[in-house]
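Taking it in order: structure first as structure tokens, then the write-up.
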Amino acid sequence: MKGHCILSHGFESGPDAAKVTALADVAARLGWSHERPDYTDLDGQREHGPHGDVQGRVARLLGLANAAAARGPLVLAGSSLGAYISGHVSLQVPVAGLFFMAPPLGASVQPPMPASRVPVSIVHGWRDELCPAQAVVDWAAARNARLLLVDDAHRLSDHVQASAEAFAALLAELT
């Protein structure tokens, strides 16, 4: 294996969602092991806030990422809230790269999304109704991140294949 990818689904989604499933297929095809944690139990915990237990998500991903990073190169990928927690965990665990789909920049998630200074690739919709495209452009520019803006909304439903291709390009860059 070339490394390991942890693929985190978005809020009120699941580990079998179309986007993270497409990323898992890409990782396997390119010789990377992968896992898709399930955060659905934490998303329903509204007593923690409107996005469920975000700190619980971070803690779950941190445990998985620490174990994976000890074995070799690690890439964290996520959609929306999955991107948010991946960015946070990247500051605590060495990662080779980050892949974000519809990251919640300029949205109501607090604190703002940080990320380590590693290769970053982002796919975001121009018509994202939750996270303004300009906030993503500004965030990506400050990090010299690769950014693919597509004519889509927050779920990126019409661009699952484009997201998979962008993820493949990031993994190819890292090997």
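Can you pull out the residues in segment 30-56 that are farther than 20 Å from V89 by Cα and modelled with pLDDT of 95 or more?
L30, G31 - these are the residues of segment 30-56 that are farther than 20 Å from V89 by Cα and modelled with pLDDT of 95 or more.
Have a look at G97, G10 and point out the one that is surrounded by 21 or more Cβ atoms within 10 Å (Cβ to Cβ), at pLDDT below 95 and either within 14 Å of the chain's Cα centre (by Cα) or at positive phi (or both). Steps first, please.
Working: G97 fails: at pLDDT below 95.
When all the criteria are applied, what remains is G10.
Say we look at segment 102-128 and pick out the residues that are more than 18 Å from L76 (Cα to Cα) and at pLDDT 95 or above; which of these is surrounded by the fewest Cβ atoms within 10 Å (Cβ to Cβ)?
By that ranking, first place goes to R127.
Can you say whether E12 is under 26 Å from H159 (Cβ atoms), touching a strand residue (DSSP E or B) at 6+ places or on another chain (Cβ under 8 Å) and of a type in the set (D, E), as far as the supplied structure shows?
Details: under 26 Å from H159 (Cβ atoms): yes; touching a strand residue (DSSP E or B) at 6+ places or on another chain (Cβ under 8 Å): no; of a type in the set (D, E): yes.
For E12, the condition - under 26 Å from H159 (Cβ atoms), touching a strand residue (DSSP E or B) at 6+ places or on another chain (Cβ under 8 Å) and of a type in the set (D, E) - is not met.
Those residues that are part of a loop (DSSP other than H, G, I, E, B) and under 15 Å from the mean Cα position of the chain (by Cα), I need them from segment 30-49; list them, please. Spell out how you get there, then give the answer.
Within segment 30-49, the subset part of a loop (DSSP other than H, G, I, E, B) is 30-32, 36-39, 44-45, 49.
Scanning segment 30-49 gives R36, P37, D38, Y39.
May I ask you to list the residues in segment 121-146 that are farther than 15 Å from S80 by Cα and assigned to a strand (DSSP E or B)?
Passing the criteria: only R146.
So if I check each of A77, A27, A59, A65, which one is more than 26 Å from T175 (Cα to Cα), out of contact with any Asp or Glu (no Cβ under 6 Å at 6 or more places or on another chain), modelled with pLDDT of 95 or more and outside any loop (DSSP other than H, G, I, E, B)? Step through it out loud before you land on a result.
Numbers: A77 fails: more than 26 Å from T175 (Cα to Cα); A27 fails: more than 26 Å from T175 (Cα to Cα); A65 fails: more than 26 Å from T175 (Cα to Cα).
That would be A59, the only listed residue that is more than 26 Å from T175 (Cα to Cα), out of contact with any Asp or Glu (no Cβ under 6 Å at 6 or more places or on another chain), modelled with pLDDT of 95 or more and outside any loop (DSSP other than H, G, I, E, B).
With the checklist (1) part of a helix (DSSP H, G or I); (2) more than 8 Å from the chain's Cα centre (by Cα); (3) of a type in the set (S, T, N, Q) in hand, flag the one item S86 doesn't pass.
Result: S86 fails condition (2) only.
Which residue out of A169, A153 is within 16 Å of the chain's Cα centre (by Cα) and surrounded by fewer than 22 Cβ atoms within 10 Å (Cβ to Cβ)?
Working: A153 fails: within 16 Å of the chain's Cα centre (by Cα).
The conditions single out A169.
Take segment 89-116 and flag every residue that is touching a Gly at 6+ places or on another chain (Cβ under 8 Å) and not in a loop (DSSP other than H, G, I, E, B).
Those that are touching a Gly at 6+ places or on another chain (Cβ under 8 Å) and not in a loop (DSSP other than H, G, I, E, B): L98, F99, F100, M101.
The values are calculated or read from the model by the stated rules, or taken from the named source; none is laboratory data. Note that this is a predicted model, so its numbers are computed, not measured. Cβ atoms come from the backbone with ideal geometry, glycine included; neighbour counts cover every protein chain shown.
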